[in-house]
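Everything below concerns the one structure shown next.
The values are calculated or read from the model by the stated rules, or taken from the named source; none is laboratory data. Remember, it's a predicted structure, so these values are computed and weren't measured experimentally. Please note: Cβ atoms are built from the backbone with ideal geometry, for glycine as well, and neighbour counts cover all protein chains shown. Each accessible area value is taken on the protein alone, full model and side chains, heavy atoms only, with ligands, DNA and RNA left out. Shrake-Rupley method; radii C 1.70, N 1.55, O 1.52, S 1.80 Å.
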Amino acid sequence: MSVAHAQIERVEPPNWWVGFRDTSLQLLVRGVGIGDYSATVMAEGVSLKGSHRADSPNYLFLDLSLSKETPPGEIHLVFSKAGTPDINFPFPLKARQFEPEEYIGFSSEDAIYLITPDRFANGDPANDIDPTLQEKKIDRKDDYARHGGDIRGMIEHLDYIADLGFTAIWPSPLLINDMPRESYHGYAITDYYRVDPRFGTLDDYKELVSKARERGIKVIMDQVNNHCGLAHWWMKDLPFKDWIHYQDGFEEGRDITVTNHRRTVNQDMYASDYDRELMDNGWFVPSMPDLNQDNPFLAKYLIQNSLWWIETLGLGGIRQDTYPYPEKHFMARWAERIMTEYPSFSIVGEEWSYNPLVVGYWQRGARNRDGYESHLRCTMDFPLQQILVDALSEEENWNTGLIKLYEGLANDFHYASPQDMMLFGDNHDMDRLYTQLGEDEVLTRMALAFIMVAPRIPQVYYGTEILMGNTDKPGDHGRIRTDFPGGWQGDRINAFTGKGLSAKKKNMQEFVRKLARFRKGQMAIHEGKTKHFSPENGVYVLFRYLNEKKVVLILNKNDNPITLPLGRFAEMNISGQQFTDVLKDRNIELNEVLILEEKGILLLTN
């Protein structure tokens with residue numbers, strides 16, 4: 001028996017673990033002509049249940065079953081063909097590092113810091129350019145080129161993130177994007193098992209998670225089930241005729257069929273088959289092939305890939321990109337498998353809709369008319385994000401201004417679990433919060449305070465704490481993802497240390513720090529009840545409370561001092577009570593009235 005396995009180009013996943021609840025494992029085997037081989041498995045406690053040829057002769061899919069008693073160690077996959085030497089391929093089975101219940105996902109106890117890694121900090125300039133990859137240019141003056149930020153840069157600034165008070169980070173995808181241009185953003189993955197070498201190595205990624213954990217910070221992995229990059233390794237030899245949607249047209253060189261983005265077909269009982277098919281099967285953009293999760297081998301591949309990364313890194317959550325675009329019943333099976341294996345885990349799905357009915361459909365426990373159960377714990381709260389910005393930007397009137405925020409939060413009756421939704425002011429795909437609010441520092445503070453106090457999981461985009469904006473180029477993704485000052489050697493301004501940072505930006509940084517640190521220990525915010533009072537005279541009051549503990553957020557849009565009568569808050573039992581002004585470190589006794597001296601926020605706790 002030959003121990004050489006040069007004909008085997010890849011086996012994916014590249015390893016597995018013993019001890020999963022689901023004991024099945026399907027291996028994708030890639031090698032020239034491997035489809036003509038028969039396979040056997042030599043291992044204690046492992047049996048081969050099936051071997052499947054693909055449409056391409058260069059793939060085999062092997063169904064393995066691991067008994068509950070299977071020990072960790074190396075098993076051997078043996079491939080045989082008459083007239084040729086056997087191929088013996090060693091495959092590692094590992095012991096699990098943590099118990100399933102130890103994978104604790106993010107929750108309303110956390111505050112999440114979203115990072116575009118290429119634009120955050122360049123910790124290792126030596127990996128900026130990889131000559132084996134298509135895009136070789138580093139150009140910080142080009143908003144759509146790579147700038148050199150990497151995993152090492154995030155590792156080096158974990159103390160900064162922890163000092164700000166954040167307890168989780170969400171980096172946009174770190175897997176390889178070997179695309180000829182705009183590869184910096186990470187959403188056109190070309191190998192689901194490889195870290196982009198321009199970001200670092202798998203060991204760097206593991207170190208990031210490990211060192212973050214030491215600081216009480218969870219790492220959320222950004223994953224993409226809907227599409228891959230056009231330069232993905234399998235696009236030159238697709239395993240099956242239905243591996244991607246509109247595969248015939250792609251292989252024949254015809255124009256790419258792009259999705260109509262009509263995501264409501266997932267809920268719409270009047271939707272046409274035409275619209276449903278185009279939404280589900282159309283490519284997101286011509287450079288991102290749409291994966292066909294109806295192919296059972298691809299479906300299994302994607303589910304196992306997510307499990308592999310959770311187990312390999314010890315993740316604290318997954319953010320799933322473009323959640324409503326893949327086949328929705330596959331997405332339910334995907335989420336269910338993850339939550340079965342890791343019952344305390346968290347997944348957040350991106351449904352960019354401003355309609356609460358649509359967003360609420362995707363959260364587990366939703367009472368959907370069609371009976372759909374997503375198994376998805378968390379959804380991104382785009383409806384409340386838009387309402388928050390509108391409420392702060394508009395003039396106060398009967399149906400504009402803060403009344404929109406009051407009524408927007410009232411929509412929580414529709415959600416299965418409002419506190420498990422993620423609220424944000426901005427992210428990597430939309431104008432910076434400071435830009436959305438007309439570069440008004442006070443309104444930006446008000447937005448951030450609401451995000452941190454509302455019954456939600458708060459997420460803040462890197463640089464929001466120093467008023468980064470994109471007002472000069474509204475809607476421009478490259479400018480939205482601006483370099484964080486101080487992340488590169490030679491930067492004139494360093495926001496990590498404060499060097500060269502304006503007083504206004506330092507003040508905002510300190511405001512975010514104080515707000516996030518305060519939130520960290522407040523169980524009334526993490527799991528308390530919520531009560532709010534209809535806005536009057538440009539003032540909105542929100543209470544979070546647990547037993548006798550209270551946190552009071554007052555949003556005031558008046559430019560001049562105003563008197564707030566406290567009698568209508570009597571049900572909250574605040575009269576004669578001593579409260580602390582969290583942001584100004586002073587004590588206030590609440591009696592009949594409260595004088596609000598200035599526009600902005602007042603955050604009180606007893």
TODO: Give the Rg/Rh ratio for the range 378-535, taking Rg as the radius of gyration of the Cα atoms and Rh as the Kirkwood radius, to two decimals.
DONE: 0.98
- [ ] Give, to the nearest whole percent, the P(r) tail of the range 230-278 beyond 12 angstrom, counting all Cα pairs.
- [x] 70
Open item on the list: Which order do the peptides 136-149, 559-572 come out in when sorted by mean C-beta neighbours inside 10 angstrom, highest first?
Closed with: 136-149, 559-572
Task: the range 411-479-the range 238-257 distance, computed between alpha-carbon centres (Å) - done: 39
- [ ] Can you pull the one-decimal nm distance between simple spin-label points at residue 271 and residue 248, each 7 Å off the Cα toward Cβ?
- [x] 2.4
Task: By average C-beta atoms within 10 angstrom, highest first, the peptides 428-439, 66-77 - done: 428-439, 66-77
Open item on the list: I'd like the carbon and sulfur percentage of the solvent accessible area for the chain, probe radius 1.4 Å, heavy atoms only, ligands and nucleic acids excluded.
Closed with: 48
Open item on the list: Rg over Rh of the range 494-606, using C-alpha atoms and the Kirkwood radius, what does it come to?
Closed with: 1.01
TODO: With label points built 7 Å along Cα→Cβ from the Cα atoms of residue 499 and residue 558, find their separation and express it in nm.
DONE: 4.6
- [ ] Please list 296-306, 269-279 highest first by mean number of surrounding beta-carbon atoms within 10 Å per residue.
- [x] 296-306, 269-279
Open item on the list: With every protein chain kept in place and ligands, DNA and RNA left out, what is the accessible area per residue of the chain? Probe 1.4 Å, answer in Å².
Closed with: 40
- [ ] Take the alpha carbon atoms of the range 353-412, find their radius of gyration, then divide it by 2.2 N^0.38 Å using N residues; give the quotient.
- [x] 1.31
- [ ] Just add up the charged neighbours of residue 284: K/R +1, D/E -1, any other residue whose Cβ is under 10 Å from the Cβ of residue 284.
- [x] -2
TODO: Summarise the long-distance tail of P(r) for the chain by giving the % of C-alpha pairs beyond 41 Å.
DONE: 29
Open item on the list: Counting each pair of different Cα atoms once, what's the Kirkwood radius of the range 307-363 in Å, rounded to one decimal?
Closed with: 12.3
TODO: Measure out, as a whole number of angstrom, how far apart the alpha-carbon centroids of the range 483-504 and the range 279-311 sit.
DONE: 40
Open item on the list: From the helices alone, meaning DSSP H stretches of at least four residues, give me the mean residue ellipticity at 222 nm for the chain, per-run term -39500 (n - 2.57), in deg cm²/dmol to the nearest 500.
Closed with: -7000 deg cm²/dmol
Task: Residues of the range 372-403 with amide N under 19 Å of the 7 Å Cα→Cβ point at residue 571 - done: 403
Open item on the list: Using Stokes-Einstein with the Kirkwood hydrodynamic radius over Cα pairs, what translational diffusion coefficient do you get for the range 40-127 at 37 °C and a viscosity of 0.692 mPa s, in µm²/s rounded to a whole number?
Closed with: 182
TODO: Quick one: grab Rg to one decimal and Dmax as a whole number for the range 241-398, Cα atoms only, in Å.
DONE: 17.5, 59
TODO: Using only the alpha carbon atoms of the range 169-249, find the Kirkwood hydrodynamic radius as the inverse mean reciprocal pair distance, in angstroms to one decimal.
DONE: 14.1
